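S.K.: Below is the structure I would like to discuss, written out as structure tokens.
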Amino acid sequence: MDPEDAELALRSMDGDLAAFNTIVLRYQSQVLNLAARMLGNRVRAEDVAQETFISAYRAIAKFRGGNLRAWLLRIAANASRDAMRGSIRRPEQSLDESLTNPSFQPASSDESPEDHALRGELNAQLQRAILSLSADHRAVLVLVDVQGLSYEEAAEATGASVGTIKSRLSRARARVRDLLMQHRELLPARYRQT
């Protein structure tokens, strides 16, 4: 574990709110990104991120060392799954509305309007492909390919074995690739297969 994370966790266990706030500041973007990618809805992801840190604060005494980031992302992944189950019972908005959310759009650069439109559509297709995955596959793909966690960290974050992580990641990548290949025209030329 990162020595600074260990110190912050210990201080948080002793009731130091400033230490816990530092943890929140350090990991809030990663927690929010995971929830947003899993849910496809920025507003719901913000709620899940808030729930994640409230749960973590309440459970910090149960944290037994290890990787603090993985522990927080595990809480976030579980909260996202809970929110997904809840949205099946209570759908809130359409997929198209969530895909037009600016939080999923890449930052603008000095590209042509056509390139910008193509990149936006590719991003939307990528998000649709991620959202089509099961919760377990989606979590692993986001943790490893988006968040940059190692297989070991993703295993700790999900509570699965490293072998399971590798298997889920392989299947998730294959599914996303297959779905993106249905829209080859959006891909850069070097990635188009004939």
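S.K.: Within segment 113-122, identify whether any single residue is in contact with a helix residue (DSSP H, G or I) (Cβ under 9 Å, 6 or more places away or on another chain), of a type outside the set (Lys, Arg) and free of Cβ contacts under 8 Å to residues at least 60 places away in the same chain, and answer yes or no.
M.R.: no
S.K.: In addition: Could you look through segment 62-79, keep only residues that are over 13 Å from the mean Cα position of the chain (by Cα) and in contact (Cβ under 8 Å) with a residue 24 or more places away in the chain, and pick out the one that is nearest to Leu126 (Cα to Cα)?
M.R.: Among those residues, the one meeting the criterion is Trp71.
S.K.: Assuming Gln193 fulfils every condition listed in (1) within 24 Å of Ala76 (Cα to Cα); (2) at pLDDT below 95; (3) open to solvent by 70 Å² or more (accessible area, probe 1.4 Å); (4) not acidic (Asp, Glu) apart from one, which condition is it?
M.R.: Against the list (1) within 24 Å of Ala76 (Cα to Cα); (2) at pLDDT below 95; (3) open to solvent by 70 Å² or more (accessible area, probe 1.4 Å); (4) not acidic (Asp, Glu), Gln193 comes up short only on (1).
S.K.: Here is a further query. Could you check segment 19-60 and list, in sequence order, the residues that are open to solvent by less than 40 Å² (accessible area, probe 1.4 Å) and polar (S, T, N, Q)?
M.R.: Asn41, Thr52
S.K.: Report yes if some residue within segment 148-161 is among the acidic types (Asp, Glu), over 17 Å from Leu72 (Cα atoms) and part of a helix (DSSP H, G or I); otherwise report no.
M.R.: No; the residues of segment 148-161 include none that is among the acidic types (Asp, Glu), over 17 Å from Leu72 (Cα atoms) and part of a helix (DSSP H, G or I).
S.K.: Looking for whichever is farther than 22 Å from Glu152 by Cα and more than 21 Å from the chain's Cα centre (by Cα) here; the options are Ala49, Ala59, Ala6, Ala36. Which one fits?
M.R.: Ala59 is the lone residue from the list that is farther than 22 Å from Glu152 by Cα and more than 21 Å from the chain's Cα centre (by Cα).
S.K.: Could you grab the pairs with beta carbons closer than 7 Å, sequence gap of 6+ or different chains, first residue in segment 14-31 and under 17 Å from Ala76 (Cα atoms), second one part of a loop (DSSP other than H, G, I, E, B) and open to solvent by less than 30 Å² (accessible area, probe 1.4 Å)?
M.R.: Cβ pairs passing all conditions: Gln30/Gln147.
S.K.: I'm told Asp178 meets every condition in (1) closer than 20 Å to Arg37 by Cα; (2) more than 17 Å from the chain's Cα centre (by Cα); (3) open to solvent by 50 Å² or more (accessible area, probe 1.4 Å); (4) in contact (Cβ under 8 Å) with a residue 24 or more places away in the chain except one. Can you identify the failing condition by its number?
M.R.: Exception for Asp178: condition (4).
S.K.: Related question: What are the residues in segment 125-152 that are within 12 Å of the chain's Cα centre (by Cα) and within 11 Å of Arg168 (Cβ to Cβ), if any?
M.R.: Answer for segment 125-152, where residues must be within 12 Å of the chain's Cα centre (by Cα) and within 11 Å of Arg168 (Cβ to Cβ): Ala135, Asp136, His137, Arg138, Ala139, Val140, Leu141, Leu143, Val144.
S.K.: Being surrounded by 15 or more Cβ atoms within 10 Å (Cβ to Cβ) and of a type outside the set (Ser, Thr, Tyr) is the filter here; which residues of segment 9-18 pass it?
M.R.: Ala9, Arg11
S.K.: Residues of segment 145-173 being open to solvent by 30 Å² or more (accessible area, probe 1.4 Å), without any contact (Cβ under 8 Å) to a residue 60 or more places away in the chain and of a type in the set (A, V, I, L, M, F, W, C), which ones?
M.R.: Val162
The values are calculated or read from the model by the stated rules, or taken from the named source; none is laboratory data. Bear in mind the structure is a predicted one, so any value in this text is a computation, not a measurement. As a convention, Cβ positions derive from the backbone with ideal geometry for all residues, glycine included, and neighbour counts pool all protein chains shown. Heads up: the accessible areas ignore ligands, DNA and RNA and are worked out on the full protein's heavy atoms, side chains in. Shrake-Rupley method; radii C 1.70, N 1.55, O 1.52, S 1.80 Å.
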